[in-house]
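The structure appears below as structure tokens.
The values are calculated or read from the model by the stated rules, or taken from the named source; none is laboratory data. Here the structure is a predicted model, which is why all the values come from computation and not from measurement. Because the Cβ atoms are built from the backbone with ideal geometry, glycine has one as well, and the counts that use them run over all protein chains shown. Surface areas here come from the heavy atoms of the whole protein model, side chains and all, with no ligands, DNA or RNA. Shrake-Rupley method; radii C 1.70, N 1.55, O 1.52, S 1.80 Å.
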Amino acid sequence: MNAAMEYKQIVGLAGKAAEELRAWERRRAEELDAEIAAAEAAVAEAKEREARTVQGAQHWWRMAQDNVSRLSWLEVGADPAPAPHAYAGRLDLYLREVKETYQELVDAVLSLGWRARR
């Protein structure tokens, strides 16, 4: 094999390698686009779930305030704030706990004598 043939072979292999690299880069770009779209959809869903949870917690808080407002000897504290350390996967559980705690409050208020409720 002479030098010209070796040169042609090397140039051919380099061209083939460049083509394969471009094809791999295109495939990887498509994969990344799909991953980005999935991540954006997950973020949108998480924001929606968070908004529903906040709305639900505020609903139960307003109802608790209404129950406590009938007790002249008890003052309502500050509105609750979101917990930054909460787990997103447990939002439904947290909201259920708020509902259960609200029910305990209602039961406690109802168990008070009529004089204590004034």
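Please calculate how many Å² of accessible area the chain carries per residue, with a 1.4 Å probe and no DNA, RNA or ligand atoms counted.
Numbers: 9770 Å² over 118 residues.
Accessible surface, normalised per residue, equals 83 Å².
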Starting from region 53-115, pick out the GluC sites (Glu not before Pro) whose DSSP state is loop and whose Cβ has at most 14 other Cβ atoms within 10 Å.
75
With the 8 Å Cα cutoff and a minimum separation of six or more residues, the chain has a relative contact order in percent of 29 percent
Does anyone have the angle between helix 3-69 and the longest principal axis of the chain? Alpha-carbon axes, 0 to 90°, nearest 10?
0 degrees
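Quick one: work out Rg over Rh on the C-alpha atoms of region 4-96, Rh as Kirkwood radius.
Details: Rg = 28.9 Å, Rh = 18.8 Å.
Rounded to two decimals, Rg over Rh is 1.54.
Considering only protein heavy atoms and a 1.4 Å probe, what is the carbon-and-sulfur percentage of the accessible area of the chain?
Roughly 58 percent, rounded to a whole number.
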Charges only on Cβ, +1 for Lys and Arg, -1 for Asp and Glu: so what's the dipole of the chain about the Cα centre, in debye to the nearest 20?
460 debye
